[in-house]
């Protein structure tokens, strides 16, 4: 194995991992604060990609404006879904799980009905490749890597230092105590849902020009997100980042050295984590 | 008091007279009120929906054509064709449920479908014992077998397509020696990979790399990075979904691959180029036929016009191959003069040449599948040039 080949495998893993981080971070945030496994998160990702497609390809909106608009649109949708579907079943684990699955199926079905079954594409924003220590990386992938890092840093700083971020952490730790301190639990949940959905929208918008857009993106995305957050720790943003990157590197190196069986490596990792550290790498017991 | 009676009497006489005249002078209109139900099981949602909906469009074009000419003629009767569509979601369990509903509730005797080998294998335990004529697609070899006499495959598989395309590749590009295979990790992908290896060997091509990927994958960089080490002359991804094919081409070019890209399946050139990029798609070889280009039959031109009349532009070039389903079934029923699936099956067995939009077609495959149930039509080969399909030739598949 030459050095440039190794670097290529590493860079592929980083890119793949950041893709997973983008999708899994919002999924993990919701669980951390609201204790809700939002299976509709993958569908928000799909809708984010479609929002960008419609804005860029049909309305001629600039890609970066479309990225922000997609985040806003999907955040608004997330709030609507929370207010009408999740809030009535707040604190009821099983019904909210079923509701999340039902919403995922509903959005997936409506997506197919409205957008059709064919793969759509968003015109590339940047073209050409760059060489990083002998490894090839397309410029549009480089943009996704930088944007993903920016979003993760911003999210981490927001949760750690902002007042509303601190309120989210307080609600996650002890909902009743937080309420007694004057923190609005419901408004915190609404905000959490908006941020999580915006992240899904951002993931969809960022990855749309790189890959393709179709109504089936959601299920695969949510499955990967589930693997990532179980490895990293349900509800932990650093866990989602670590889990996503770990899965990306395992898949990239697995593809190189093990070939066809790579896909099951993620599930093997999940089993090992559940056996030896059920709360995940960064989760709390 | 008499006037209302007389008026209503003459009204009734007039209506009966009109019905009589219509019955005598327009028998097809009158007879077409009889309906003939055909079941159809295709993936209309889920990852296989691209193919399922293409099949639905092509079959509907034929259905409308037959109904417009008065209906299906069986003996002295004429039937309007009604198709009961069921969605198998590209999933065996859903396909099985759909078949049970079609057979037990809708009482159909003919089923068209599916795209998925798993669905077909799940439906056959219902269709074969009930003597339901099952016209299918899918690439798995075991779908056709001597103990499954009621199953006919209406679309070419990778076995037949590659028997046409690989010899063409070696003849057209004599320097091609080393092939890389990238196939989905499911029954379809495994079956295609086997066909590719066998037919490549017959054509003195060497398989330098072969790996499966999970459907739903969008980032092929890790796999392709490894593939490029094998330095292939052409990369074949026949089993990949249309969008996956375009992504593979795009990412191969990004990683610096300069050789040929190849898939023994049909693609929509517009969608393909949008995803892959026109420059990246240049020279891509596929089994797509441009119905407005060279080698086009009158039937194909008519199909194109009928399609545009129903669905409008743009034309979907993935659809024509599904036209044979209802086209041959209609011919077989009318030739047999019966709606009995056994009699129709016997006719399909006996007749050596069917007229399809691709020209004359026949059922073959006795040597390979053990039963003559595989349709054999010409294989079309096209190349992407400046974002457009250019027909390069046709080949008849030669048996292994």
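Brief remarks on what is shown
- Remark: mean inter-chain Cβ contacts per residue of B:220-231 equal 6, using a 10 Å Cβ-Cβ cutoff to other protein chain atoms.
- Among A:127, A:96, A:70, residue whose mean-square fluctuation peaks in a GNM of chain A (springs only between Cα atoms under 10 Å): A:127
- Segment residue B:128-residue B:346, extension gain: residue separation times 0.36 nm, minus the distance between their alpha carbons: 77.0 nm
- Beta bridges per DSSP with both ends in the protein assembly as shown, % antiparallel, nearest 5: 40
- Global form of the stretch B:180-296, assessed from the alpha-carbon gyration tensor, a/c cut-off 1.5: rounded
- Chain B: relative contact order in percent, alpha carbon pairs under 8 Å with at least 6 residues between: 16
- A Cα-only calculation for the stretch A:17-107 places Rg and Dmax at 14.2, 44 Å.
- The alpha carbons of chain B give a radius of gyration and a Dmax of 23.9, 100 Å, in that order.
- Estimated FRET transfer efficiency when R0 is 41 angstrom, pair residue A:154-residue B:206 (beta carbons, to 0.05): 0.20
- Gyration tensor verdict on the stretch A:195-285 (Cα atoms; rounded if a/c is under 1.5, prolate if a/b is larger than b/c, oblate otherwise): oblate
- Taking every residue in A:207-217 and counting other chain Cβ atoms within 10 Å of its Cβ, the average works out to 5.
- Residue-averaged beta-carbon neighbours from other chains (10 angstrom radius) around B:365-375: 0
- Modelled FRET efficiency - R0 41 Å, residue B:67 with residue B:362, Cβ distances, 0.05 increments: 0.90
- Rounded to 5, percent antiparallel among DSSP beta bridges of chain B: 35
- Cβ-to-Cβ counts within 10 Å put B:233, B:327, B:106 in ascending order as B:106, B:233, B:327, the fewest first.
- Stokes-Einstein diffusion for the stretch A:118-229 at 25 °C, viscosity 0.890 mPa s, with a Kirkwood radius from C-alpha pairs, works out to 147 µm²/s.
- Cα shape, the protein assembly as shown, gyration tensor, a/c 1.5 rule: oblate
- Stokes-Einstein diffusion coefficient of the stretch B:234-288, Kirkwood radius over Cα pairs, 20 °C, 1.002 mPa s, in µm²/s: 201
- Fewest neighbouring Cβ atoms within 10 Å first, the residues B:51, B:354, B:190 line up as B:190, B:354, B:51.
- For the stretch B:39-98 versus the stretch A:153-172, the spacing of their alpha-carbon centroids is 54 Å.
- Remark: the residue B:338-residue B:294 segment gains 12.0 nm on full extension, using 0.36 nm per residue and subtracting the alpha carbon distance.
- Cα convex hull volume per residue for chain A (Å³): 135
- Secondary-structure-derived ellipticity at 222 nm for the protein assembly as shown, considering helices only, amounts to -18000 deg cm²/dmol, per-run term -39500 (n - 2.57) for DSSP H runs with n ≥ 4.
- Shown for A:284, A:41, B:289: other C-beta atoms within 10 Å of each C-beta, ranked fewest to most, produce the order A:284, B:289, A:41.
- FRET efficiency, 1/(1 + (r/R0)^6) with R0 35 Å, evaluated for residue A:62 and residue A:4 via beta carbons: 0.50
- The stretch B:324-383: equivalent-ellipsoid semi-axes (sqrt of 5 x gyration tensor eigenvalues, Cα, Å): 22, 15, 8
- Taking 1.306 mPa s as the viscosity and 10 °C as the temperature, the Stokes-Einstein diffusion coefficient of the stretch B:103-230 based on its alpha-carbon Kirkwood radius rounds to 95 µm²/s.
Here, each number is a calculation from the coordinates, and none is a lab measurement. Given the structure is predicted, the values throughout are model-derived calculations rather than measurements. Note that each Cβ is placed from the backbone with ideal geometry, even for glycine, and that neighbours are counted across all protein chains shown.
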